[in-house]
């Protein structure tokens with residue numbers, strides 16, 4: 001159960017996405033839409049079962065950012081068993097995030 | 001179908017303040033938002049003129065306002081309102097998602113969005129090579145060349161920010177720089193910034209991949225091509241009011257006409273915030289003021305309905 005959004009680094013991201021479905025939020029502390037999306041994701045996490053929601057700081061994890069071609073923030077990527085399922089850029093509404101998780 | 005005393009469309013500062021005042025007036029309120037609480041302030045890094053807050057990040061202020069609405073039990077719904085039917089005894093809000101909301105009174109607080117130039121090529125690159133959020137999309141242009149369109153406060157401030165990471169920033173503006181003089185001086189002093197004043201944008205260039213802009217001097221009619229990797233547009237705002245055009249409450253520029261009580265000419269429909277016409281000042285604090293007045297007017301309207 002997600003329950004909350006966990007902050008992780010690039011190394012942990014590699015281990016995590018090899019497993020079950022994960023929603024990754026690439027964010028920056030300086031970005032307003034990122035702050036609002038983090039707030040919405042915390043709310044989403046309370047209602048999500050079986051999908052982990054994690055946050056990766058864009059500015060502190062350059063290797064992961066380059067590896068996954070993240071060029072703006074916020075960017076949400078859903079991974080399942082190591083493969084990218086879908087990605088969206090920018091602030092998203094709660095129902096859209098629920099849809100992404102359920103793809 | 002949900003039935004409420006007041007339906008508020010838009011959860012920016014105006015809508016959220018209206019929700020707070022309406023809830024405190026003991027009205028059954030639904031606050032409907034298409035994206036997330038906050039509206040335009042979410043994109044504002046620092047707000048320095050909202051009384052009592054000193055300097056506060058726009059998104060953080062939006063979260064505080066939203067939590068205030070939730071403490072008062074305001075029902076919050078995600079939906080995009082595409083029309084209002086006023087034919088029955090209550091107003092019916094029609095939403096893109098196939099949802100409907102019914103309410104005795106409606107407060108429209110949909111705000112504004114960034115304007116576009118509507119020139120050839122623009123729609124092909126909107127959201128990819130053309131951006132309206134420097135802080136979100138600036139990082140992709142590290143050590144690259146960027147064009148900033150506009151000469152007002154947003155263009156100049158974001159131009160300064162983008163110049164801190166880009167190899168070169170080219171400002172193209174239809175007039176001269178009209179931003180705050182201190183910010184203009186700061187921008188002009190930057191070694192990696194070029195400024196073209198009195199230039200009109202004719203076309204966004206590139207097939208599949210953006211390569212630059214064609215612009216024309218309004219003084220000499222000389223045309224030029226400016227090559228770049230991306231564009232940031234700051235050419236002003238436009239009201240979000242398409243859903244209300246059929247109600248005949250929208251002026252020629254798309255703003256909603258409302259009197260000093262924030263009442264439109266349709267009984268029971270009110271407007272607040274940046275979407276309202278003829279506003280002398282569009283700020284967070286004036287949007288909140290509008291929201292408070294609109295909610296009070298809606299409450300008075302409800303009192304009259306209950307007397308009938």
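Data overview
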quantity	calculated
For region A:13-103, diffusion coefficient by Stokes-Einstein and Kirkwood Rh (Cα), 37 °C, 0.692 mPa s, µm²/s	253
Kirkwood Rh in Å, taken over all unlike Cα pairs in chain B	20.8
Computed over region B:19-106, Cα set: Rg, Dmax in Å	15.3, 46
Cα-Cα pairs of region B:1-147 separated by more than 28 Å (percent)	33
Cβ-based exposure ranking for B:307, B:33, in which fewest neighbours within 10 Å come first	B:307, B:33
Taking only Cα atoms of region B:165-211, radius of gyration then Dmax in Å	13.0, 39
Förster radius 35 Å - calculated FRET efficiency between residue A:9 and residue A:102, Cβ distance, rounded to 0.05	0.80
Candidates B:112, B:173, B:220: whichever shows maximal mean-square fluctuation once chain B is modelled as a Gaussian network with Cα springs under 10 Å	B:220
Mean ellipticity per residue at 222 nm, deg cm²/dmol - from DSSP H runs of n ≥ 4 across the protein assembly as shown, formula -39500 (n - 2.57)	-8000 deg cm²/dmol
Between helix B:153-163 and chain B: long-axis angle, C-alpha atoms, 0 to 90°, nearest 10	50
Estimated FRET transfer efficiency (residue A:49, residue B:164; beta-carbon r; R0 41 Å; 0.05)	0.45
Point-to-point label distance, residue A:20-residue B:45, nm (Cα→Cβ direction, 7 Å offset)	4.0
5 Å binning of all Cα-Cα separations within region B:74-118, expressed as whole percents from 0 upward	5, 17, 26, 23, 14, 8, 5, 3, 0
Of B:157, B:200, B:222, the one that fluctuates the most in a GNM where chain B has Cα springs shorter than 10 Å	B:222
Residue B:87-residue B:285 FRET efficiency (beta carbon distance; Förster radius 41 Å; 0.05 resolution)	0.65
Principal axis dimensions, largest first and in whole angstrom, of region B:224-286 by Cα	53, 29, 16
Exposure proxy ranking, count of Cβ atoms within 10 Å, fewest first, for B:253, B:4, B:68	B:253, B:68, B:4
Mean Cα-pair separation over length for region B:135-260, i.e. relative contact order, pairs under 8 Å, 6 or more apart, %	23
Dimensionless Rg over Rh [region B:1-58; C-alpha; Kirkwood]	1.07
Degrees, to the nearest 10: B:284-307 long Cα axis against longest axis of chain B	20
Fewest-first sequence of B:262, B:116, B:302 by Cβ atoms within 10 Å of each Cβ	B:116, B:302, B:262
Net lengthening on full extension, residue B:209/residue B:300 (0.36 nm per residue, minus Cα-Cα)	27.2 nm
More than 28 angstrom apart: percent of Cα pairs within the protein assembly as shown	53
Region B:166-291: mean projected area of Cα convex hull, nm²	11.4
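Read the figures in this text as sums done on the coordinates, not as results from a lab. Since we're looking at a predicted model, the values are computed, not measured. Cβ atoms come from the backbone with ideal geometry, glycine included; neighbour counts cover every protein chain shown.
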